[in-house]
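Participant: Here you go, one structure.
The values are calculated or read from the model by the stated rules, or taken from the named source; none is laboratory data. Since this is a predicted model, take the numbers as computed values, not measurements. Neighbour counts run over all protein chains shown; Cβ positions are idealised from the backbone, glycine included.
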Amino acid sequence: MLNLPRLERTWLWLGGITMAFFFIIVLSLAVMADIEPPSYGQTIDPTKVSQTPPFDHPGLHQTGPKAYEAYYVGQVFSWNPASITIPVGSAVTFYVTSSDVVHGFSVPTADVNAEVMPGWVSRVEHTFLKPGDYPIICNQYCGIGHSAMFAHIIVR
């Protein structure tokens, strides 16, 4: 070991042991909680999003009573579709991708937030229990028109 004073060596060892301890805790919690990437592993060719089902017809699709899947495509500087309408109490699974740059898919008044990267499909679920107009915004800076990138979920 380098010719370091004893106290400095002690602090280096304590720092290393602390870092290893925290790494083990984070790793074990991730394994116990079965943490997976937000995209759940689904990929898509970002140059062919508009030709790849179901993103070739983005929008809302009913899968059961009060159960829906919503397919969204983020592109500079808009969300497609711009608006969907669902009944109160509906569970919606959002599948979101980007055809150009990184976007953030967020419904600030609900528990919906996903990072949207070209080449990946992000998935997030939410049950809308209250009627209202829920705005969808992009929370990742994506260019000069970023502030105009929004859509709506209307719950009736």
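Participant: Does the stretch 144-156 hold any residues that are in a loop (DSSP other than H, G, I, E, B) and of a type in the set (V, I, T), and which are they?
Facilitator: Applying the first criterion (in a loop (DSSP other than H, G, I, E, B)) to the stretch 144-156 yields 144-145, 149, 156.
The answer is I144, and nothing else.
Participant: Further question on the same structure: Out of S83, S78, which single residue is among the polar types (S, T, N, Q), surrounded by fewer than 20 Cβ atoms within 10 Å (Cβ to Cβ) and more than 18 Å from the chain's Cα centre (by Cα)?
Facilitator: On the way: S78 fails: more than 18 Å from the chain's Cα centre (by Cα).
Every option except S83 fails the conditions.
Participant: When the residues of the stretch 60-85 are filtered to those that are of a type in the set (A, V, I, L, M) and outside any strand (DSSP E or B), which remaining residue is modelled with the highest pLDDT?
Facilitator: A82
Participant: For the condition at pLDDT 95 or above and farther than 17 Å from V49 by Cβ, what is the one hit in A151, A110, A91? Reasoning before the result, please.
Facilitator: Working: A151 fails: farther than 17 Å from V49 by Cβ; A110 fails: at pLDDT 95 or above.
Among A151, A110, A91, only A91 is at pLDDT 95 or above and farther than 17 Å from V49 by Cβ.
Participant: Within the stretch 145-156, which residues are in contact (Cβ under 8 Å) with a residue 12 or more places away in the chain, surrounded by fewer than 19 Cβ atoms within 10 Å (Cβ to Cβ) and not charged (D, E, K, R)?
Facilitator: Correct list: G145, H146, A148, F150, H152, I154.
Participant: Next question, about the same structure. Across the stretch 127-143, what is the number of residues that are in contact (Cβ under 8 Å) with a residue 24 or more places away in the chain and either β-branched (V, I, T) or assigned to a loop (DSSP other than H, G, I, E, B) (or both)?
Facilitator: Pass one, the stretch 127-143, residues in contact (Cβ under 8 Å) with a residue 24 or more places away in the chain: 127-131, 134-140, 142-143.
Next, only the ones that are either β-branched (V, I, T) or assigned to a loop (DSSP other than H, G, I, E, B) (or both) stay: 127, 129-131, 136-137, 139-140, 142-143.
Counting residues in the stretch 127-143 that are in contact (Cβ under 8 Å) with a residue 24 or more places away in the chain and either β-branched (V, I, T) or assigned to a loop (DSSP other than H, G, I, E, B) (or both) gives 10.
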